[in-house]
Amino acid sequence: MIRLQAEPIDPAALLAAFTAEAAGAGAIASFTGLVRAMSDGAAVTRLALEHYPGFTEPALAAIAADAEARFALGALLIVHRHGAMAPGEPIVFVAAAAAHRGDAFDAVRYAMDRLKTEAPFWKREEGPDGARWIEARAGDHESRERWG
Amino acid sequence: MKLLLFGRLGERAALPPVPAGIGDTDRLRAWLAEVDPGLLDGSVRIAVNRELVHANVPLAAEDEIALLPPMSGG
């Protein structure tokens, strides 16, 4: 399941609800991505994440579907935020439930590696030195390559 | 025709309305290059009705065109 929202993400509440629904799973792995206060040596005071309604959601759903096809999962949840955020705020939450830890860990990492390179977002970082648009980093592409 | 600009493209000066008679994406590209040279710098992709296009496709008046600069990922 995927969710794209402007409202703040509450990772603890999401994980609690996900765990309650994942009855019978032997393993749950989760990841929370936070807005960084520093980006490439520059201070960030605000991050704006633009999306394309009707275009971004299907792309997130495709990543979730690929993860579910690739790993033996009981459930997968991707919650992504859009709009304006401050450093320290959660920007993405991914959780996977599986019979065994390997599939749970791998599915979360796979989903994140795909999200960081392919999710249709446009990211603008604002700081004391001005604002700049960000593109996916070389390290993100290398992480993505691992999965073929 | 509705023309949407995302990311850094949204900060450029507003474009005039797309004239009638722009019947395909090749003609749209040519028109954009005239009204805003540098807008399509080679990295910008075009989506028609929320689908990326990879070749010349026909356009209709009710179509939604999006100009997409490189995405940042989530």
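The values are calculated or read from the model by the stated rules, or taken from the named source; none is laboratory data. Just so we're clear, the structure is a prediction, and the values are computed from it rather than from any experiment. Cβ atoms come from the backbone with ideal geometry, glycine included; neighbour counts cover every protein chain shown. Surface accessibility is based on the protein's heavy atoms, side chains included, excluding ligands, DNA and RNA. Shrake-Rupley method; radii C 1.70, N 1.55, O 1.52, S 1.80 Å.
Here are the numbers for this structure:
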item: Pairs where the first residue, in the range A:114-135, is farther than 19 Å from A:Ala59 by Cα and more than 7 Å from chain B (Cβ to nearest Cβ) and the second is of a type in the set (A, V, I, L, M, F, W, C) and not in a strand (DSSP E or B), C-beta under 8 Å, 6+ apart; result: A:Glu125/A:Val44; A:Glu126/A:Val44; A:Gly127/A:Val44
item: Test: residue in the range A:84-92 that is touching a Phe, Trp or Tyr at 6+ places or on another chain (Cβ under 8 Å) and either in contact (Cβ under 8 Å) with a residue 12 or more places away in the chain or among the β-branched types (Val, Ile, Thr) (or both); result: yes
item: Given (1) open to solvent by less than 50 Å² (accessible area, probe 1.4 Å); (2) more than 21 Å from B:Ser43 (Cα to Cα); (3) not in a strand (DSSP E or B), index of the condition A:Ala136 fails; result: (2)
item: Search result, residues across the range A:133-148 that are under 18 Å from A:Gly83 (Cβ atoms) and over 18 Å from the mean Cα position of the chain (by Cα); result: A:Trp133
item: Qualifying residue in the range B:35-53 (condition: out of contact with any Asp or Glu (no Cβ under 6 Å at 6 or more places or on another chain), open to solvent by 40 Å² or more (accessible area, probe 1.4 Å), touching a residue at least 12 places away in the same chain (Cβ under 8 Å) and β-branched (Val, Ile, Thr)); result: yes
item: Residues within the range A:46-100 that are open to solvent by 40 Å² or more (accessible area, probe 1.4 Å), within 11 Å of chain B (Cβ to nearest Cβ) and either over 16 Å from the mean Cα position of the chain (by Cα) or under 11 Å from A:Ala111 (Cα atoms) (or both), tallied; result: 1
item: Any hit, the range A:6-20, residues being β-branched (Val, Ile, Thr), open to solvent by less than 50 Å² (accessible area, probe 1.4 Å) and assigned to a strand (DSSP E or B); result: no
item: Matching residues in the range B:10-39 - criterion: being within 10 Å of the chain's Cα centre (by Cα), part of a helix (DSSP H, G or I) and either within 27 Å of A:Gly83 (Cα to Cα) or among the polar types (S, T, N, Q) (or both); result: B:Thr25
item: Pairs with Cβ under 6 Å, 6+ apart, first in the range B:1-23 and open to solvent by 50 Å² or more (accessible area, probe 1.4 Å), second aromatic (Phe, Trp, Tyr); result: B:Arg8/A:Trp133
item: So B:Leu32, is it in contact (Cβ under 8 Å) with a residue 60 or more places away in the chain, open to solvent by less than 20 Å² (accessible area, probe 1.4 Å) and in contact with a Leu (Cβ under 8 Å, 6 or more places away or on another chain); result: no
